[in-house]
Amino acid sequence: MLDHTLKSDVTTSRLEVMTETGRRRWFSKDDKARIVEETLVPGAVVSDVARRHGLTPQQVFTWRRQARRLRATKADELQFVPAVVDTPAAAVGPERKAPRCKAKPDLGGIEIEVDGTIIRAGRGADAAMIAAIVHALKALR
């Protein structure tokens, strides 16, 4: 006959019951950025970095994906670059002063260089149109 009762030689002296899952850990943006940067080092293994910080690899991969999206959205925003003003080579010298420029009503504008392509915009050019052209050029690259 088969006995269905379980008998154990081990007696339990203490039993701990977990009634809650615990608080969620919270990481600041700086902490997340630092952990993601650790994974970008050549030879780094995401699982090792996650284990070192007490995280799951899925969490670190999610932060990496969020960081890529953030960089992509920031790249789409308009950015300003410093203006470079060239002076004529003949005007440069210790004894010569740069010539004074007189404004001409028919001239005026800017040149924008995007990855080797120069865009010349005259006075009164529509800023939205220039931004669309620059955005289109960046999309081609």
* What number goes with the only condition from (1) over 30 Å from residue 126 (Cβ atoms); (2) at pLDDT below 65 that residue 83 does not pass? -> (1)
* **Of all residues in the stretch 48-73 being among the small types (Gly, Ala, Ser) and surrounded by 13 or more Cβ atoms within 10 Å (Cβ to Cβ), the one that is modelled with the lowest pLDDT** => 67
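Each row is one residue, and each column tells you yes or no for (1) in contact with a Leu (Cβ under 7 Å, 6 or more places away or on another chain); (2) at pLDDT 90 or above.
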residue	(1), (2)
35	no, yes
95	no, no
117	yes, no
134	no, no
* Asked: Do you know which residues across the stretch 13-33 are modelled with pLDDT under 90, of a type in the set (Gly, Ala, Ser) and surrounded by 13 or more Cβ atoms within 10 Å (Cβ to Cβ)?
  -> none
* Structure fact -> residue 45: passes all of (1) hydrophobic (A, V, I, L, M, F, W, C); (2) at pLDDT 90 or above; (3) closer than 30 Å to residue 140 by Cα but (3)
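The values are calculated or read from the model by the stated rules, or taken from the named source; none is laboratory data. Treat the numbers as computed from the prediction; the structure is a model and nothing was measured. Methodologically, a virtual Cβ is constructed for each residue, glycine included, from the backbone with ideal geometry; neighbour enumeration extends over all protein chains shown.
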